[in-house]
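Data first, discussion second: the structure below is written as structure tokens.
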Amino acid sequence: MGAAAPHPQPRPGDQRAAGAGGRLPANYSSFPSDNAAMTFAMALGIFMASRRLGALAFLWALVVACIPRVYAGFHYPSDILGGAVLGLAVAALVIRSGLTRRLFEGALRFQRLSPGLFYAAGFVATYQVVTFFDATRELGQKVASLVEILL
């Protein structure tokens, strides 16, 4: 008798992500945790501006944003660790590249030239961060599907 093929362990949150329809969204994965990546990246940005507030932001990222997701079964601890490392690495690269200074200077120039448009764009950007770019991801998937059909 041949060896049985390994059966992949179901990812946490599979049933929750599937919802009432019983089907997972296309390209669903709990690794790495996007929540951990974003919250730890933001915490590093805050830490660079203020060590005291940054320490609180790291604590918040871990205790409020990440541990409950493991407890609720959406992620394994390794998903959180992978997301945190990814978020910290990307944030550190952006900070060290000087891109943040150029973006900040450009944003201030945009705010002076067109305050109404600046604040509208700020609202949209903030909304995207709060919703973890779900609408942007969905749009990207639809555009990719359309390109695939056309090609």
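The values are calculated or read from the model by the stated rules, or taken from the named source; none is laboratory data. Remember, predicted model here, so these are calculated numbers, not experimental data. Glycine also receives a Cβ, built like all others from the backbone with ideal geometry; neighbour counts cover every protein chain displayed. Each accessible area value is taken on the protein alone, full model and side chains, heavy atoms only, with ligands, DNA and RNA left out. Shrake-Rupley method; radii C 1.70, N 1.55, O 1.52, S 1.80 Å.
Considering region 123-144, the residues that are open to solvent by less than 60 Å² (accessible area, probe 1.4 Å) and of a type outside the set (A, V, I, L, M, F, W, C) include one that is nearest to ASP34 (Cα to Cα), namely THR131. With respect to PHE74, determine if the residue is open to solvent by less than 70 Å² (accessible area, probe 1.4 Å) and among the aromatic types (Phe, Trp, Tyr). Answer is yes for this residue. The residue list SER114, SER78 contains one member that is among the polar types (S, T, N, Q) and over 15 Å from ASP34 (Cβ atoms), which is SER114. Counting only residues that are basic (Lys, Arg) and over 22 Å from the mean Cα position of the chain (by Cα), how many does region 102-145 have? The qualifying residues number 3. On inspection, MET48 fails the criterion of being within 23 Å of THR131 (Cβ to Cβ) and either hydrophobic (A, V, I, L, M, F, W, C) or open to solvent by less than 70 Å² (accessible area, probe 1.4 Å) (or both). Only one entry of PHE40, PHE31 meets the criterion of being open to solvent by less than 40 Å² (accessible area, probe 1.4 Å), within 16 Å of the chain's Cα centre (by Cα) and among the aromatic types (Phe, Trp, Tyr), and that entry is PHE40. Among the residues of region 82-122, what is the count of those that are more than 15 Å from ALA41 (Cα to Cα) and loosely packed, with under 10 Cβ neighbours inside 10 Å? Looking only at that region, the number is 4. Scanning region 112-151 for residues that are among the aromatic types (Phe, Trp, Tyr) and in contact (Cβ under 8 Å) with a residue 60 or more places away in the chain turns up just one, PHE132.
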